[in-house]
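Structure first, then comments.
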Amino acid sequence: MNRTIILESDNIYYVTVSYDFIDEYLRLFNNPSIKKYITANPNPYTYKNIFKYVKDALETDTLIILSMFNKNSGKFIGNIEFDK
């Protein structure tokens with residue numbers, strides 16, 4: 001599992017979005033308390049949806065997605081996207 005740190009703050013480190021984190025993305029993005037802030041689509045995210053999300057991010061030069069992890073726990077806490 002590649003967790004090469006791209007950026008970091010006092011409490012968070014940021015790594016490139018990765019296929020290795022798909023299960024973590026699914027857990028977080030399908031959490032109803034979080035999902036209401038990231039999409040209006042009522043359908044759950046699927047492995048196929050998230051795989052495409054990661055693939056698109058890795059294959060384009062107009063979108064950068066970094067995954068955020070808590071430094072103390074190593075727990076995935078979200079993504080940040082930079083889009084053209």
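The values are calculated or read from the model by the stated rules, or taken from the named source; none is laboratory data. What you see is a predicted model; the values in this text were computed from it and never measured. In this analysis, Cβ positions are derived from the backbone assuming ideal geometry, glycine residues included, and neighbour counts consider all displayed protein chains. SASA here: full protein model, heavy atoms, side chains in, ligands and nucleic acids out. Shrake-Rupley method; radii C 1.70, N 1.55, O 1.52, S 1.80 Å.
Among all the aspartates and glutamates, which ones have a C-alpha under 18 Å from residue 35's C-alpha, if same-chain residues fewer than 8 places away are not counted?
23, 24, 81
With every protein chain present, what is the per residue accessible area of the chain (1.4 Å probe, Å²)?
69
Could you check the simple spin-label distance between residue 27 and residue 80, using points 7 Å along Cα→Cβ, in nm with one decimal?
Modelled inter-label distance: 2.2 nm.
Share of the chain's accessible area from carbon and sulfur, percent, 1.4 Å?
53
Please go through the chain and write out the chymotrypsin sites (Phe, Trp or Tyr not before Pro) that DSSP classes as loop and that have at most 12 other C-beta atoms within 10 Å.
Details: sites: 13, 14, 19, 21, 25, 29, 37, 45, 47, 51, 53, 69, 76, 82; in loops: 45.
When the chymotrypsin sites (Phe, Trp or Tyr not before Pro) of the chain are filtered for loop state and at most 12 Cβ neighbours within 10 Å, nothing remains.
Which label marks the calculated value of Cα extents along the principal axes in Å, given the options [x] 29, 25, 23; [y] 35, 29, 24; [z] 41, 23, 14?
Matching the structure shown: [y].
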